[in-house]
Amino acid sequence: MRAKGMLIDTTRCIGCRGCQVACKQWNKLPGENTTFFGGPGYQNPARLSPKTWSLVAYNELNTKNGFDWVFLRRQCMHCNEPSCASACLVKALEKTPEGPVVYHEGKCMGCRYCMIACPFDIPKFEYEKAIPSIRKCSFCFDRQQQGEGPACAKTCPTGAIQFGVRDELLDEAKTRIYVEPHRYVQHVYGEHEAGGTSVLYLSNAPLDELGMPKPEELGTTPFPALTEGFLSMVPLVIIVWAGFLGGLHLLMQRREEIAAAEAAAEREIQKTEEDQS
Amino acid sequence: MSGAAVPVESKNKLLTPFNVIGGLFVIVAFGIAVVRFTKGLGAVTNLNDEFPWGLWIGFDVLCGVALAAGGYTIAAAVHIFRLKQYRPILRPAILTGFLGYFFVVIALLVDLGRPWRIVYPVFYTYGVASVMFLVAWHVFLYLTCQFIEFAPAIAEWRGWDVARRWLLRLEIGACIAGVILSTLHQSALGALFLLAPTKLHPLWYSPLLPMFFFLSSIIAGLSMVILESTLSHRYFKEQTDPRHAKGLGRLQLGLAEAASLALLSYFFLKWIGVAHGLHWNLLGTSMGVWFLLEVFGFILLPCLLYAKAVREKNVRLVQFTSVLTVAGIILNRLNVSIIGFRWDSVAHYVPRWSEFVITIAIVMFAIFTFRWIVTRMPVLSEHPDYKLTDVS
């Protein structure tokens, strides 16, 4: 199985938000009541939410080619080794071999540890519902299983969102940088970030200036490795502690028995001595 | 041979200020819980997608578990290290521990999105790669251990001779299992935050987080036992064996000595954490000052105060220091889970009033339960028909 991926080239994005609409349509997500907010003016809504899994974030800033708009489409990164799935104690979040990180509503307890663990802040919780779930982009896993690409990639009119085999898209991204070095920041965001992600970004401005976490903060080791060390110590601690504490208990008990026996013997000797005298 | 072993005098005085205020909190909390379970967490909390964990996890769960560590600490001292002089404070320590964990679970039931699935990790679906999975199993198993350790008191109260004998045979096993489970889940609560390196402030984020949480739980446990025994001897005089009351000061000095040593190790470990991450430059920032306050004011200061108190045999100072130490542990857990978590956020989480009410009500509920039990069962003194000293 060659894992699927997605290449998002912000320099090709015109900010039409067709992907946002296609995502809502396919996943039957309701609209949001939105208000004008300070900051990047035309962006709507302000942030990802349980109802909005895909969002075009508007940024106006100094790029490689002067002051310009940069449209950064946000969605789940579908990490190669996702932090959220390793955080989930009931396997409600699962990394599929095909690439998508999917959510099983029937298992979720609503503990929200996945939200703490995700460095990209993707899982969202339904705080307004009596029976809440975690909601997030599924990489259109249902469509992928039918041989189709995600709704957002399908609908993109400029080819800013491309769906395909991750390895091939990575080659494509590097080729684009090689062919047009003046156009791009020399970095494919997602190639190594947090151990690599299914979603890859090309941009004319560093992605951390567009609201994504800094690559040096994310590191290149997969997040699950952060707790693997601790968890691998567990069996050792159990065995060593059980042996040590059990042994210590027996030792102390034996010592008390010996002390008691010695005291008894002492009394015995004293008694016989008294009898003799 | 049934009924209360100890006289219940306070039974008739129901309308004390403490009861009235505590009762009010519990009633209002029930109202809030109704809103929470019909309208969702957003209706009663300030939690949001940026701050998914708030006061209920930061205080009720993290502090609750740390402060309930007295159970395993004293059990290890008595059963494993055979320091039998601590026997009189073992049962209240185990009761405090058991109730602590029990009410942590109650708080979790309020906080979880779908609380009825709390049993899933034990009976249905196993996310073994998760630190939270370990916490879930351990809290479940440790509650069982603590119940076994406390159950002889119930058996003595009801006069179930056979049950008591069987339960006492399980005591050592339950104690050793309890120490193992506590070592792992106390540290696991710190390990939970290992997955948030980009969100937790670097002065609190460290690969040593599990060690910090484990070591500080011992400190919390010892200090809580000092605090709890001080309060018990004050408010449950009739239930307390006068011989135990006389020896209490000496026991508290012993606990203070252990706590002082543990605090000293913890103090140095905290600095190893800073050195490990090379975060010296952050000490000058405002969060750095906050960190220094925690490390000097709530770790080194109580360490020195305990040491001074032990040296001068000053029991009052030990009791005062226990309050300071407990406050320090609470501060640490809140720093990790709330204050230092996304410290740079423009709209930082502050708990809503209803979150405080639920938290206070749960604490009140725990105190009421503690009182109900110690006024009936042989906890603060031995049952006249069953001498603990002839066991083990």
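Residue by residue, here is whether (1) surrounded by 23 or more Cβ atoms within 10 Å (Cβ to Cβ); (2) at pLDDT 95 or above; (3) under 22 Å from residue B:74 (Cβ atoms) holds:
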{"residue": "B:149", "(1), (2), (3)": "yes, no, yes"}
{"residue": "B:152", "(1), (2), (3)": "yes, no, yes"}
{"residue": "B:161", "(1), (2), (3)": "no, no, no"}
{"residue": "B:166", "(1), (2), (3)": "no, no, no"}
{"residue": "B:169", "(1), (2), (3)": "no, no, yes"}
{"residue": "B:173", "(1), (2), (3)": "no, no, yes"}
{"residue": "B:177", "(1), (2), (3)": "no, no, yes"}
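Filtering segment B:114-147 to residues that are crowded, with 16+ Cβ neighbours inside 10 Å, more than 7 Å from every other protein chain (Cβ to nearest Cβ) and β-branched (Val, Ile, Thr) leaves B:135, B:139.
Results for (1) within 17 Å of residue B:90 (Cα to Cα); (2) of a type in the set (D, E, K, R), shown as yes or no for each residue.
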residue: B:129; (1), (2): no, no
residue: B:134; (1), (2): no, no
residue: B:141; (1), (2): no, no
residue: B:147; (1), (2): yes, no
residue: B:155; (1), (2): yes, no
residue: B:162; (1), (2): no, no
residue: B:165; (1), (2): no, yes
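When restricted to residues that are surrounded by 15 or more Cβ atoms within 10 Å (Cβ to Cβ), more than 8 Å from chain B (Cβ to nearest Cβ) and under 23 Å from residue A:73 (Cβ atoms), segment A:199-254 contains 13. Applying the condition of being surrounded by 21 or more Cβ atoms within 10 Å (Cβ to Cβ) and hydrophobic (A, V, I, L, M, F, W, C) to segment A:121-137 and asking which residue is farthest from the other protein chains (Cβ to nearest Cβ) yields A:137.
If you check A:76, A:108, which single one turns out to be assigned to a loop (DSSP other than H, G, I, E, B) and either away from every other protein chain (no Cβ under 14 Å) or closer than 30 Å to residue B:107 by Cβ (or both)? Working first, answer last.
Numbers: A:76 fails: either away from every other protein chain (no Cβ under 14 Å) or closer than 30 Å to residue B:107 by Cβ (or both).
None of the other options fit; the residue is A:108.
Please determine, by comparing only the residues of segment B:196-234 that are free of Cβ contacts under 8 Å to residues at least 24 places away in the same chain and within 14 Å of chain A (Cβ to nearest Cβ), which one is farthest from residue B:90 (Cα to Cα). By that ranking, first place goes to B:198.
May I ask you to verify whether residue B:183 is in contact with a helix residue (DSSP H, G or I) (Cβ under 9 Å, 6 or more places away or on another chain), outside any helix (DSSP H, G or I) and within 12 Å of chain A (Cβ to nearest Cβ)?
Values: in contact with a helix residue (DSSP H, G or I) (Cβ under 9 Å, 6 or more places away or on another chain): yes; outside any helix (DSSP H, G or I): no; within 12 Å of chain A (Cβ to nearest Cβ): yes.
The answer is no for residue B:183.
Yes or no: segment A:90-99 includes at least one residue that is touching a strand residue (DSSP E or B) at 6+ places or on another chain (Cβ under 6 Å), in a loop (DSSP other than H, G, I, E, B), at the interface with another protein chain (Cβ under 7 Å from one of its Cβ atoms) and within 24 Å of residue B:125 (Cα to Cα). No - not one qualifying residue is present in segment A:90-99.
Where residues in segment B:20-77 are of a type in the set (S, T, N, Q) and under 26 Å from residue B:335 (Cα atoms), which of them is nearest to the chain's Cα centre (by Cα)? Before the answer, list the steps.
Initially, segment B:20-77 is screened for residues of a type in the set (S, T, N, Q), giving B:38, B:45-46, B:48, B:73.
Narrowing further to those that are under 26 Å from residue B:335 (Cα atoms): B:45-46, B:48, B:73.
Details: B:45: 24, B:46: 25, B:48: 27, B:73: 11 Å.
Per the criteria, the residue is B:73.
Just to be sure before I move on: is residue B:298 in a helix (DSSP H, G or I), touching a Leu at 6+ places or on another chain (Cβ under 6 Å) and either within 15 Å of residue B:263 (Cα to Cα) or not hydroxyl-bearing (Ser, Thr, Tyr) (or both) in the structure I sent?
On the way: in a helix (DSSP H, G or I): yes; touching a Leu at 6+ places or on another chain (Cβ under 6 Å): yes; either within 15 Å of residue B:263 (Cα to Cα) or not hydroxyl-bearing (Ser, Thr, Tyr) (or both): yes.
So residue B:298 fits the description; yes.
The values are calculated or read from the model by the stated rules, or taken from the named source; none is laboratory data. Please read these numbers as outputs of a predicted model, since none were measured by experiment. FYI the Cβ positions are ideal-geometry reconstructions off the backbone, even for glycines, and counts take in every protein chain you see.
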